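Undergrad: Starting off with a structure, shown below.
FYI, it's all coordinate maths here, none of it is from the lab. Everything quoted here is computed from the prediction, not taken from an experiment. Every residue, glycine as well, gets a Cβ built from its backbone with ideal geometry; the counts of neighbours run over all protein chains shown.
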Amino acid sequence: VAAALGGVPLQYLELNSYRWLTAGSRCTPGSLIVDPRQCSSTSGQVVPPNPGNSITGTTLPTEFDPQWDHLDPDKDRDLVALINTMQLCVHKENTSLQYYPVVIPNVFITGVRDNRNTHVYRDPNQPNIDFYLHVVGVIPITWAKFLNRKFILNGSIPLPMYQPEVVDRNATVTRDLNVSVPIVSYVRAYRNPADGGNLFDPDIPVCEDPKIAAAGCVLMTLDYYLHPTWPEYRLRDEVEWGRDNYTRLGSEQPFQEGSFNIHLARRAVGRAEGRGYAGPMVATDVPAEVSIQVPAGVQNRRPVLGHPGCSADEASPTAILYTTWTFMDQAWRYLCNEKPECGRDCLANLTCLGGEEYFQENFFLRSAYFRYDDGGIIPPVDLQYEDCPNNCCQDRRLCMRVHDVLGYEVPYDSEMMLVFGGKGYIHEKDPDTGRLIYHSCERIPTEHLLKDWRSCMETVLDDLWRYNLLTGKWEYIKADSAISITTGEKMGYPLARYGHGAVLIEQVDGADDSFKRLYMYIYGGLGPQCPNGGVCNDVWRYEIPFAPQAYYPKYPDGPWLRGNIWTRLKDNPYGG
């Protein structure tokens, strides 16, 4: 599979699960039906779903889901039983924690590895390598409680609080976490003193692949960590737009008809690469994990490189700084009714507002559109779906109080940098020298210079990104277009350009100076699609979604204006 993905290092692929389709015969077009939602056998002997380890006779787990009555303190013995029977290990090629062979999403272990790659531990002689448990993203409450007991930690994975020092007993998942907790030891088992006492290990084992004595056709589910040679857009070109033999499995949502919808999980924090280190994760952020499914043995075509998906390689873009909404001036005033008893958690905890009866005060929130609201806070869909933005929260009203129209959670008083356009380059190498075309095209002999290389693989961009200066996190902006009042059609989007100007404009309501909207205006620049020899003379306005959706008023008539919209203004007739 790594070879099919153009030489992606093995560390960026990990086996999530597998399913036997046929025994005694290889995968052939005649034995498989490849469908966007399933891959089933049409001939041959069907093998049981999980043949397990035929050498030892054991059956491998198919999911990680520790379950016990975690709200009842008297059921602690059930948790201890789970801890004693469910043994974890670290992926042999990267930092993922596994209940082998199941990868535990959003949970990672860093530390030093021995030369045989059998254990991960803390080495006093290498103090720069942390022996840490990392949780990046949202995990179930039961997972957090299990891991807090499975490891002896110098701290803990935080649980959601109903109020300070009081755990929210109704919560089923954690907040969106980005925590790293030092590991003291790994708990193999809790035992009575008469049985020899507890078994605490100073290290964590590395997962070993069992020997499976079997031959046939296997359907493998793989987790792929985005690598620079295969960014998101290239992956989408191959998997989604190319309609190859991949199907999406890593999401709770059903398939949208006619779409593959690749799933992107949370970003992972890790450490340096190399033997004795944690894995492929670099000291900053590792791009999102993607779950794909491929039938082993099916031939995949060579992909075509799509749009570069990395904002860090841009040159000559525009960037503005803005600050997200505040609690007192916007959240408490407009969404918590300025009630003294409402704290900073009043967006998701409606107790101070009378519970769900609060929604009956608004014609839109009490409408039949929300009759199936399950009370969830997390957006059911993300930007990989056609109806997100604008409908990322679907019918979840609490979600709209926390997340913007793009489905991103909006923090209070956070400085953001908004970046549009600029120059970039396609990450392609000369197969003869291994050098990037962008950096070496002028030294390539004319007879070896391919037609596609004459631009040195440079490209002009039209994408929009924002950067959180506090957390160091990039977020892709999938912008929408305003509707023209004269034609009823979408106005479109700014053409790709660089060297343009941009300014931040704040518009305040005349009757209420606390209610405001933020806009970025851009003008001019240079771009290959602009008229007048590539000189742009158009003016565009982008409304910045600096607050959650519920902050913006919804009127009975007209669209719900929640930001994230490009609007074309009057061009400058005198040039760019």
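Undergrad: List every residue whose amide H lies under 5 Å from the amide H of Asn178, counting only residues 5 or more places away in sequence or on a different chain, with H placed 1.01 Å from N in the peptide plane.
TA: Close amide H contacts, sequence-distant or interchain: Gly137.
Undergrad: In straight Cα distance, which lysines are under 16 Å from Lys145, not counting same-chain residues fewer than 8 positions off?
TA: Partners found: Lys75.
Undergrad: Okay, which of segment 534-548 sit inside 17 Å, backbone N to the point 7 Å along the Cα-Cβ direction of Val503?
TA: What the label zone holds, given the 17 Å backbone N cut-off, is 537-544.
Undergrad: Cross-link candidates for Lys429: which lysines have Cα within less than 17 Å, leaving aside residues fewer than 8 places away along the same chain?
TA: Cross-link targets: Lys451.
Undergrad: Work out from phi, with θ = phi - 60° and the Karplus expression 6.51 cos²θ - 1.76 cosθ + 1.60, the ³J(HN,Hα) of each residue of segment 116-128, listed in order in whole Hz, and give x for Gly and Pro.
TA: 8, 6, 10, 8, 10, 7, 9, 10, x, 7, 10, x, 6
Undergrad: Hey, can you grab everything whose amide H is under 5 Å from the amide H of Thr459? Only 5+ residues off in sequence or another chain; H modelled, so Pro and N-termini drop out.
TA: It is Gly424, Tyr425, Ile426, by chain and number.
Undergrad: A follow-up question, please. Which lysines, on any chain, are close to Lys554 with Cα under 25 Å apart, when same-chain ones fewer than 8 places away are left out?
TA: Lys339, Lys478, Lys490, Lys516
Undergrad: Report the local net charge at Tyr519: Lys and Arg +1, Asp and Glu -1, summed over other residues whose C-beta lies under 11 Å from its C-beta.
TA: +1
Undergrad: Can I ask one more? HN-Hα J couplings of segment 147-162 from phi, Karplus 6.51/-1.76/1.60, θ = phi - 60°, integer Hz, Gly and Pro as x?
TA: 3J(HN,Hα) across segment 147-162, in whole Hz: 5, 5, 9, 6, 10, 8, 10, 8, x, 6, 6, x, 9, x, 9, 6.
Undergrad: Something else about it: Amide H of Ile104 versus every other amide H placed in the peptide plane: which residues, excluding those fewer than 5 positions away on the same chain, fall under 5 Å?
TA: Leu97, Gln98, Tyr99
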